[in-house]
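Data first, discussion second: the structure below is written as structure tokens.
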Amino acid sequence: MSRTELPKKLEAEIRLRVFDEKEFLKITQVSRRGGGSFKVSLRPVVVKGERHFQGEMTEDGRTQVKNFSLQAAENGLSEMLSQTGARDLHLITASGDLHVRVTKKGKVLESRSAEMARVIDAQPAHDRVKQQPLTSFDSAALLRVLGIASADGKIKASKRGKYDQVNEFLRVLESTTANKPEKTLNIVDCGCGKAYLTFAAYFYMTLVHGFEVRICGIDRRADVIASARRTAVDLDVSNHVVFIQGELESSEPEFSADLMMSLHACDTATDEALARGMEWKCRYLLCAPCCQHELHKGLKASNEMRAVLRHGILRERLADLLTDTLRAQILRILGFRVNIIEFVSSEATSRNIMLKAEFCVKPGQSGAISDYLELRDYWQVSPWLETRMSALIDKYLKRY
Ligand SMILES: C[S@@+](CC[C@H](N)C(=O)[O-])C[C@H]1O[C@@H](n2cnc3c(N)ncnc32)[C@H](O)[C@@H]1O
């Protein structure tokens, strides 16, 4: 026996408690390497109704997560137990804790808690009663890897707004696709940034709604795309969650998309996202616009509206309202049924409007065209999206 190996009897006890004790909760081992530490843990999870084990490895601040079958988990535990060097191991089950410390000199110190009867949730995490989309499945590792939750699982105060936005966006995603006949879903996330929504949507629609999901995030920033790709590897989903670094106007997902979503793509990037969604022939478009400067300067004060436009803040709000109204009208002309909703409370973000559209109407409806033209001409504006979609929309507008 090498100086830092665990006694066989102790190893056997650990294996037995991990795989045969019904109320095994978690095993964690922290070993010191060079100046840093390496932490590895294993806990039971239920994925699509089957018992699996989730492994988590953290080194140099980077956490990787992977779900294992029983066989793979047995191998993983053997690897964990065969590590050498100074380390601390902590096994938690409902009946009590076992601590093992291996010192630098190879001394193995064991300590056991008194016999306990911890009350554990009879429902595995995946089956818990739904409260919020991100609590309706076992999202602890996802939220930690994304940096939304801290190491102890608490939502960071600085990320609370994003957490709420993502949860509410997921609710809309869920209701939008509720009647989709096929259980496949190909999503493009335009202006994905750090991809909080991208990953949350993948796991939620896969684990909770049983869709086979492929998702592609697009962003022009190289740094956020590099980090999102690393996250996909760390969460072991890089076959299904992919990223393109590039401009929305020239990026092409590798699949035919059903749904385009966009959370706070800046200014006319929202229009570009809508345009791309239509060009990709997506049935569903979910778009929460961000800052919009396009119409702000262009609004000309007719006599009746001069008093409103005199005030900067009112001019800005009016420009926002008009921009989204004109966007919605353009989508209606092009065959979409459109709802404009407040998808999240204004405390989570003041940018809480969402355009929710489904392609299900015959394009070129005369009411949609006349409403659009009257509004556009009253304000004497040239919406960016109309120019962008001229190849499709001009034929309808010219009729009037
Ligand atoms: C405000 S961030 C939102 C990120 C993410 N959706 C979120 O809610 O956390 C907007 C992102 O859109 C990206 N973006 C803006 N215009 C773009 C364009 N034309 N092509 C690609 N990415 C764009 C920016 O680089 C930025 O990462």
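Observations on the structure shown:
- Of all residues in the range 127-137 being surrounded by fewer than 18 Cβ atoms within 10 Å (Cβ to Cβ) and part of a helix (DSSP H, G or I), the one that is modelled with the highest pLDDT: T135
- Condition met for A273 (under 18 Å from S390 (Cβ atoms), small (G, A, S), assigned by TED's automatic domain parsing to the domain that holds I225 and modelled with pLDDT of 95 or more): yes
- Note on the range 138-162: residues that are modelled with pLDDT of 90 or more and surrounded by 20 or more Cβ atoms within 10 Å (Cβ to Cβ) amount to 9.
- Residues within the range 181-208 that are crowded, with 19+ Cβ neighbours inside 10 Å and within 24 Å of A149 (Cβ to Cβ), tallied: 19
- Verdict on E304 being farther than 21 Å from E249 by Cβ, part of a helix (DSSP H, G or I) and either touching a residue at least 60 places away in the same chain (Cβ under 8 Å) or not aliphatic (A, V, I, L, M) (or both): yes
- Boolean, G35 is farther than 18 Å from V145 by Cα and either in contact with an Asp or Glu (Cβ under 6 Å, 6 or more places away or on another chain) or at pLDDT below 95 (or both): yes
- Matching residues, the range 1-47, being assigned to a helix (DSSP H, G or I) and closer than 16 Å to R101 by Cα: K8, K9, L10, E11, E13, I14
- Only one of the numbered conditions (1) over 13 Å from F336 (Cα atoms); (2) more than 10 Å from the ligand (Cβ to nearest atom); (3) assigned to a loop (DSSP other than H, G, I, E, B) is not met by K281, and that is (1).
- Counting only residues that are small (G, A, S) and buried (at least 18 other Cβ atoms within 10 Å of the Cβ), the range 315-369 holds 6 of them.
Yes or no, residue by residue, for (1) assigned to a helix (DSSP H, G or I); (2) away from the ligand (no atom under 16 Å from the Cβ); (3) closer than 27 Å to M57 by Cβ:
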| site | (1), (2), (3) |
| --- | --- |
| L142 | yes, no, yes |
| V145 | yes, no, yes |
| S158 | yes, no, yes |
| G161 | yes, no, no |
| D164 | yes, no, no |
| N167 | yes, no, no |
| E174 | yes, yes, no |
| N179 | no, yes, no |
| G193 | no, no, yes |
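- Taken residue by residue, the range 207-224 has at least one member that is in a helix (DSSP H, G or I), under 16 Å from the mean Cα position of the chain (by Cα) and within 16 Å of the ligand (Cβ to nearest atom).
- Of all residues in the range 229-247, those being under 12 Å from A195 (Cα atoms), β-branched (V, I, T) and in contact (Cβ under 8 Å) with a residue 40 or more places away in the chain number 2.
- For beta carbons closer than 6 Å, sequence separation of 6+ or different chains, a first residue in the range 186-210 that is under 17 Å from N239 (Cα atoms) and in the same structural domain as V237 (by TED's automatic domain parsing) and a second that is aromatic (F, W, Y) and within 11 Å of the ligand (Cβ to nearest atom), there are no qualifying pairs.
- Test: residue in the range 250-264 that is at pLDDT below 95 and either part of a loop (DSSP other than H, G, I, E, B) or more than 14 Å from the ligand (Cβ to nearest atom) (or both): yes
- For the range 276-285, a residue qualifies if it is of a type outside the set (G, A, S), closer than 16 Å to L385 by Cβ and touching a residue at least 40 places away in the same chain (Cβ under 8 Å), and the qualifying residues are R276, M278, W280, C282, L285.
- Residue check, F53 in contact with a Lys or Arg (Cβ under 9 Å, 6 or more places away or on another chain) and farther than 30 Å from S227 by Cβ: no
- Of all the listed residues (G191, G210), the sole one being more than 24 Å from C360 (Cβ to Cβ) and among the small types (G, A, S) is G191.
- Q83 surrounded by 17 or more Cβ atoms within 10 Å (Cβ to Cβ) and part of a loop (DSSP other than H, G, I, E, B): yes
The values are calculated or read from the model by the stated rules, or taken from the named source; none is laboratory data. Because the structure is predicted, anything quoted here is derived from the model rather than measured. Don't worry about glycine lacking a Cβ; one is built from the backbone with ideal geometry, like all the others, and counts go over all protein chains shown.
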